[in-house]
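Heads up, the thing below is written out as structure tokens.
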Amino acid sequence: TLGTQTDYRDGEAQTDPYSPEYIVCSGSVPEILALATLTWGRGLPAGQAEMAIIDRIREKRAWEAALPPMDSPSNIAERLKMMEAMERTEWAHREEEIDKLQKVQLEVFKKLLQRQEENQNELNTVRLRNRWHNYQKAREEKLRKIQRDCALMLRKLIAKRKNWMGKLERRDIIKEYNDFSSQTYAPLSRIGFFPDNNSDYYAVKNFYLNTFVGLCELEKYAPSSLFPLKIKAPKPKCTVTKTGYVKRSGRLQAVLAQVHQALLEKKNKAKEPKEPPPVCEKVESPVPKPPTLILEKPSIEEEEIDLAVICLQKLLRGRALQNMIFEGKEKHLDLIQELRTTHALQEDGQLLLKAQKQMTLSLQRQRDSQMQQLSALERDLATIEGRALANMLDFLSKELVRLQEEQKIHALTMLADRQRRMREAEESGRRQLEESRRQEEDELFRQARERGWRDCRQTIDTYLEDVILSSMDRTAEEQAREEVQKRAVEINDIAYEMESRRNRLQSEEIVAELVYNFLIPEAEKNFMRERGKES
């Protein structure tokens, strides 16, 4: 009831299933040991591919059981044929697996390319939509500006059309004061009037209310009856409990009392007699208003006369200014002549100024040439930077291709690793079968040896025969060794003589035979092994 402790974990947190230890009985080879290399996530739980591998292992075991024994040359030849056919079928099966994996990879690549193309299309549509919205906003803003400028120009044209003759108009003060949109009531800020600057002009500023000194003086002159205030708390008109809570019945009584009092006041007002209207009442006459000034409109002739008078006034003022300038010139003629003489003395200074001007022009030309050199240098630097960027981008593109090829090679290595694990699983099953068979043969040999020692003992004659035969074999072996050594010495002498007589062509022929008979087959074997590993 409190808790349990087990060797197994819960299924929710299970990561790797528990694999118990096992013991194989002698003389038995369980079929499930062929799957000992499979682990959770790598072949387990078994799917369709793993079931196909298990079927192939079973077929391989049946084929191994059907192989003929190696007791005769015909059986050996038949066994070699069967093994070659089995190897060809295994290679065909591996090629089919590689084709399937390549097809799966092609499908994955197609899906990835399709998804990338869809994402790119969505991105292009979003960019086009944003670009279209930006152009629409710019178009609307341009149209709004054109409309605003059009309204402004129309207002200007209307204002010009009102006085297209260019006549002077007198100020109509009465019309300005009648029109609340005129400059009198709402002057424009471009004229120089800013109403916010004097916004507190009409605010009430009282010395006795806004300052402490004014408040003190106001207290001095105010009567003393204003200051002592007596405030009495109102007594509750309804029943209150000890805790100060008003009961619901008391609240209802207070509300009813207020309603009753309001009804009584209304009745009393209705009963009061109305006062009779006054019969004789003096009506005061209003104060008469002063007569309004009426400004008569001048005639066209008077306006022309006024304009002519104004023009004449301008001419007279200009002539008077000319006369004043002429009189001043006559008065200060000596000073003017003195200034002219000093100006003649300043010709050397003017020459210096010309020299300085030429110097500045030469400096400016030098600066322009330096700027041209700098621009040429910047252009060269830009070309060098562009070349470096192009090389860098080329290197990055090649690096991308290399990474893609590396990923492909990694996928092929993973496939090869998977095949290696499968082959190791098959080899482990085959090895266990061979070990069990070897154990059986050892047991048979042991039993046969014990039976031979126990049943048939050899006699002394056979022992002597064996000793004689062994001595004969030993002497024959020694004689053969001596003859072989003699033959070797003779062959060695002949070889040295041939080596001394041999020319270059014969040595090259010997080297070619060695290469053709030993090195080339060995290189072909290594090449085939490497090719098999890569595939």
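Can you compute the FRET efficiency between Glu84 and Ser436 using 1/(1 + (r/R0)^6), with r the Cβ-Cβ distance and R0 = 25 Å? Round to the nearest 0.05.
Computed FRET efficiency for Glu84 and Ser436: 0.45.
Distance in nm between label sites at Ala77 and Phe207, each 7 Å beyond Cα in the beta-carbon direction?
Taking the simple label geometry, Ala77 and Phe207 are separated by 14.6 nm.
For Arg115 and Asn526 in one chain, what is 0.36 nm times their gap in residues minus the Cα-Cα distance, to one decimal in nm?
143.6 nm
Under 19 Å between C-alpha atoms is the cut-off here; go through segment 67-146 and count lysine pairs that meet it, provided they're at least eight residues apart or on different chains.
Pairs that pass both the separation and distance tests number 4.
Among Trp63, Trp91, what's the order by accessible area (1.4 angstrom probe), most exposed first?
So, going from the largest accessible area down, we get Trp91, Trp63.
What is the extension gain from Leu218 to Gln258, computed as 0.36 nm multiplied by their sequence separation minus the C-alpha to C-alpha distance, in nm to one decimal?
That pair, Leu218 and Gln258, stretches by 10.2 nm at full extension.
At q = 0.11, 0.13, 0.15 Å⁻¹, work out log10 I(q)/I(0) for segment 67-146 with the Debye formula, treating every Cα as an identical point scatterer and leaving solvent out; two decimals please.
Reported log10 I(q)/I(0), two decimals: -0.64, -0.72, -0.78.
With each pseudo-label sitting 7 Å past Cα toward Cβ, what's the Arg127-Leu519 distance in nm, one decimal?
6.0
Just to make sure I understand: if all protein chains stay in place, what is the order of Val511, Val29 by accessible area at 1.4 Å, largest first? Please list the in-between numbers first.
Values: Val511 85, Val29 50 Å².
Sorted descending by solvent-accessible area, the residues read Val511, Val29.
Can you put Leu106, Leu215 in order of accessible area, largest first, using a 1.4 Å probe?
Leu106, Leu215
Give the Rg/Rh ratio for segment 362-480, taking Rg as the radius of gyration of the Cα atoms and Rh as the Kirkwood radius, to two decimals.
1.76
Quick one: if the Förster radius is 22 Å, what FRET efficiency do Asp179 and Lys156 give, using the C-beta to C-beta distance and rounding to 0.05?
0.65
For segment 376-400 and segment 24-40, what is the centre-to-centre distance using only Cα atoms, to the nearest Å?
If you average the Cα positions of each part, the centres end up 63 Å apart.
The values are calculated or read from the model by the stated rules, or taken from the named source; none is laboratory data. Just so we're clear, the structure is a prediction, and the values are computed from it rather than from any experiment. FYI the Cβ positions are ideal-geometry reconstructions off the backbone, even for glycines, and counts take in every protein chain you see. Side chains are part of the model used for accessible areas, which takes the heavy atoms of the whole protein and leaves out ligands, DNA and RNA. Shrake-Rupley method; radii C 1.70, N 1.55, O 1.52, S 1.80 Å.
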